[in-house]
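To start, the structure itself, in structure tokens.
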Amino acid sequence: MSKNIAIFASGNGTNAENIIRYFQNSELVNVELVLTNRESAFVLERARSLNVPFACMGKAEWMDGTAVLSLLENRGIDFIVLAGFLARVPDCILHAYPNKMINIHPSLLPKFGGKGMYGDRVHEAVIAAGEKESGITIHYTNEHYDEGAIICQVKCPVLPEDTPDDLAHRIHALEYDTYPKVIEKLLESEG
Ligand code: GAR
């Protein structure tokens with residue numbers, strides 16, 4: 001039976017679009033909802049043009065969680081994928097989706113993770129620290145930023161001449177290649 005997923009995203013949404021496209025003809029996964037916490041998030045344009053239902057919830061609704069949870073239940077959401085989602089996930093949603101919510105982070109956690117570490121800030125910190133390699137981490141979500149059980153990590157080099165933009169580009173390519181396949185595998189194994 002097909003599983004309904006919701007993608008939570010706060011910004012540009014290139015990962016969200018990549019996941020939507022990957023599952024467009026899937027019999028296993030249906031992207032049922034894109035949900036954001038920012039009205040101006042470009043991910044909403046992407047969802048609109050790809051004909052995926054979308055919604056934006058304001059700060060109070062995210063902090064309380066009840067309306068978000070009702071929406072997820074009404075849409076029959078089985079699994080939640082965070083893709084550049086920068087707000088805290090309310091506890092009631094964490095509890096309603098145990099081991100059914102995953103996140104992607106653009107570094108090799110536990111390095112360069114935690115509150116305030118997202119997107120380009122991560123790449124800037126990696127380069128400033130003189131790291132020779134970076135990568136991505138896909139992990140289950142829990143009450144603490146970037147601390148849930150790790151599902152997979154994929155590494156890439158950091159080159160001496162890299163700018164944060166260069167590294168972001170390399171990391172995004174890894175994310176596009178890996179994230180949809182990991183989602184597919186997890187949902188396949190659930191049966
Ligand atoms: C991605 O690189 C994702 O790993 C990162 O935000 C970017 C979103 O890009 N997430 C975090 O930093 C979470 N702490 P996108 O909006 O183009 O998909």
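The values are calculated or read from the model by the stated rules, or taken from the named source; none is laboratory data. All values reported here derive from a predicted model rather than from experimental measurement. All Cβ positions, glycine included, derive from the backbone under ideal geometry; neighbour counts span all protein chains shown. When the accessible area is computed, the model is the full protein with side chains, heavy atoms only, and any ligands, DNA or RNA have been set aside. Shrake-Rupley method; radii C 1.70, N 1.55, O 1.52, S 1.80 Å.
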Given the residues Ala55, Ala60, which is the only one that is among the aliphatic types (A, V, I, L, M) and either farther than 23 Å from Gly119 by Cβ or under 15 Å from the mean Cα position of the chain (by Cα) (or both)? Ala60
If you check Ala67, Ala47, which single one turns out to be assigned to a helix (DSSP H, G or I), open to solvent by less than 50 Å² (accessible area, probe 1.4 Å) and more than 27 Å from Glu184 (Cβ to Cβ)? Ala67
With the structure loaded, tell me whether Gly76 is surrounded by 19 or more Cβ atoms within 10 Å (Cβ to Cβ), at pLDDT 95 or above and on the phi > 0 side of the Ramachandran plot or whether it fails that test. no
Looking only at the range 8-23, how many residues end up being under 17 Å from Val89 (Cβ atoms) and either in contact with a helix residue (DSSP H, G or I) (Cβ under 6 Å, 6 or more places away or on another chain) or without any contact (Cβ under 8 Å) to a residue 60 or more places away in the chain (or both)? 3
For the range 175-191, does any single residue satisfy the condition of being open to solvent by less than 30 Å² (accessible area, probe 1.4 Å), under 24 Å from Arg21 (Cβ atoms) and among the aromatic types (Phe, Trp, Tyr)? yes
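Inside the range 152-191, can you point out the residues that are of a type in the set (Ser, Thr, Tyr) and at pLDDT below 95?
Ser189 - this is the single residue of the range 152-191 that is of a type in the set (Ser, Thr, Tyr) and at pLDDT below 95.
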Which of the residues belonging to the range 71-110 are touching a residue at least 60 places away in the same chain (Cβ under 8 Å), farther than 15 Å from Thr36 by Cα, assigned to a strand (DSSP E or B) and within 11 Å of the ligand (Cβ to nearest atom)? Ile104
Those residues of the range 118-130 which are surrounded by fewer than 18 Cβ atoms within 10 Å (Cβ to Cβ) and either among the charged types (D, E, K, R) or at pLDDT below 95 (or both) amount to Gly119, Asp120, Arg121, Glu124
Here is a list of conditions, (1) at pLDDT 95 or above; (2) open to solvent by less than 50 Å² (accessible area, probe 1.4 Å); (3) more than 17 Å from Tyr140 (Cβ to Cβ), and Leu82 meets all of them except one; can you say which number that is? (3)
Restricted to the range 131-156, and to residues that are open to solvent by 70 Å² or more (accessible area, probe 1.4 Å) and either of a type in the set (Gly, Ala, Ser) or assigned to a strand (DSSP E or B) (or both), which residue is nearest to Cys92 (Cα to Cα)? Ile150
Would you mind finding the one in Glu17, Glu39, Glu27, Glu61 that is open to solvent by 30 Å² or more (accessible area, probe 1.4 Å), more than 11 Å from the ligand (Cβ to nearest atom) and outside any loop (DSSP other than H, G, I, E, B)? Glu61
